[in-house]
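Engineer: Once you've had a glance at the structure underneath, I'll fire off some questions.
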Amino acid sequence: MGGLSDQTLNYVQLALVYDAIMGDPQGVICYARMLSDFLSGNKVLDLACGTGDLTLRLHDMGYRMTGLDVSEPMLKIARNKVSTDEVRFVCMDMLDLGLNEIFDSVVCANDSINYCRSLLQLKALFTGVNRHLVLGGPFIFDVHMESRLKEFSDPFEEEGVIDGLGYHWLIESEPPILRHTVTIYGRGYPVVEVHEQTVFELKDILSLLTDCGFRWTRIDPKKYDDLYLDEKYMICAIKEREL
Ligand SMILES: C[S@@+](CC[C@H](N)C(=O)[O-])C[C@H]1O[C@@H](n2cnc3c(N)ncnc32)[C@H](O)[C@@H]1O
């Protein structure tokens, strides 16, 4: 069922260089603009918020934000970006959601859903979201397309230096897994983190959403500067019944 996956404990060393490697201010603005077309109400839960850039952007746009992540090192960076306690950051496993609160909208950005390792875990996540969402409220997320497995059948490698730390990033495909091996060099390193993401079939995701009390629509990337075109599905699921 739910429960913390050992893979999710991996955002420890990567937290130190995550923003420098993955940070994308323009992408955050575009993603937030897309979300604002689908969000309803004011109280929003950002699942797997990481270092908080999207959470904080939505806060700046006037939403009352809770960011949730399983990695304390990622949350520490998020908390350091904000001087106000108006944004709440919570360390919790999203597969075992227990906030005992109802939100107007829930989001989960940047293939974080793909950290679920099985359809059973995906179901635990969708069930938890249903129980934390107001009736009629949207759950907006993106997931890797199936084609990504083929895309990385030839491994992809990238390396660079950030703040005196060298890194090497390898992405390989072993269907249904996308494996990211990140090596960081320097200052007491090297350290290696291996992140495994499961690529689900869209039909299974949509069918689980229906089982978990949602109706869904696919979001058209063309309206949002081709956001994640040919890479990820963006989905808006509306809670239509209590579980
Ligand atoms: C690719 S990052 C995305 C972070 C953020 N949403 C963004 O857009 O930058 C994935 C995040 O998912 C978090 N994560 C993975 N599994 C999780 C789980 N079971 N519960 C909560 N967070 C999880 C990781 O700690 C990491 O911060």
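Quick note: the coordinates plus some simple rules give every number you see, no bench work behind them. Since we're looking at a predicted model, the values are computed, not measured. With ideal geometry, Cβ positions are generated from the backbone for all residues, glycine too; neighbour counts draw on all protein chains shown.
Engineer: Using θ = phi - 60° and the Karplus curve 6.51 cos²θ - 1.76 cosθ + 1.60, what whole-Hz ³J(HN,Hα) does each residue of segment 24-38 get, with Gly and Pro shown as x?
Structural biologist: Here the 3J(HN,Hα) series is 8, x, 5, x, 5, 4, 5, 4, 5, 5, 4, 4, 4, 6, 10 Hz.
Engineer: Sticking to Cα atoms, compute the Rg of segment 99-241 to one decimal and its Dmax as the biggest Cα-Cα distance, whole number, in Å.
Structural biologist: Expressed in Å, the Cα Rg and Dmax of segment 99-241 come to 17.5, 52.
Engineer: Could you tell me the convex hull volume per residue, in Å³, taken over the Cα atoms of the chain?
Structural biologist: Spelled out: Cα convex hull of the chain, divided by residues, is 120 Å³.
Engineer: Return the subset of Lys123/Lys223; Lys150/Lys223; Lys203/Lys239; Lys150/Lys232 for which the Cα-Cα distance in this structure is over 20 Å, preserving the input order.
Structural biologist: Cα-Cα > 20 Å for Lys123/Lys223; Lys150/Lys223; rest within.
Engineer: For the chain, what does the relative contact order come out to in percent, with C-alpha contacts under 8 Å and a separation of six or more?
Structural biologist: RCO, the chain: 20 percent.
Engineer: Quick check: residue separation of Val134 and Leu120 times 0.36 nm, minus the Cα distance between them. What number comes out in nm?
Structural biologist: Full extension of this stretch gives 2.7 nm more.
Engineer: If you don't mind, there's one more thing I want to ask. Residue by residue through segment 236-243, which ³J(HN,Hα) values in whole Hz follow from phi under the Karplus form 6.51 cos²θ - 1.76 cosθ + 1.60 (θ = phi - 60°), with glycine and proline marked x?
Structural biologist: 10, 10, 9, 6, 10, 8, 6, 8
Engineer: Using the alpha-carbon centroid of each, what span in Å lies between segment 84-132 and segment 183-231?
Structural biologist: Cα centroid to Cα centroid, the span is 14 Å.
Engineer: Give the distance, in whole Å, between the Cα centre of segment 55-74 and the Cα centre of segment 12-33.
Structural biologist: Centre-to-centre (Cα) distance: 13 Å.
Engineer: From the convex hull of the Cα coordinates of segment 34-150, what is the mean projected area in square nanometres?
Structural biologist: 7.6 nm²
Engineer: Taking the simple approach of a point 7 Å from Cα along Cα-to-Cβ for both Trp216 and Asp37, what is their distance in nm?
Structural biologist: 1.9 nm
Engineer: Right, next: With a 10 Å Cβ neighbour count serving as the proxy for reagent exposure, in which order, fewest first, do Tyr185, Tyr31 appear?
Structural biologist: Ranked by crowding around the Cβ, least crowded first: Tyr185, Tyr31.
Engineer: So, one more: By how many degrees, between 0 and 90 and to the nearest 10, does the Cα long axis of helix 202-211 differ from the longest principal axis of the chain?
Structural biologist: 40 degrees
Engineer: In whole Hz, with x marking every Gly and Pro, tabulate ³J(HN,Hα) for segment 90-106 from phi via Karplus 6.51 cos²θ - 1.76 cosθ + 1.60, θ = phi - 60°.
Structural biologist: In residue order, the calculated couplings are 10, 8, 7, 7, 6, 7, 9, 5, x, 8, 6, 9, 10, 10, 6, 8, 10 Hz.
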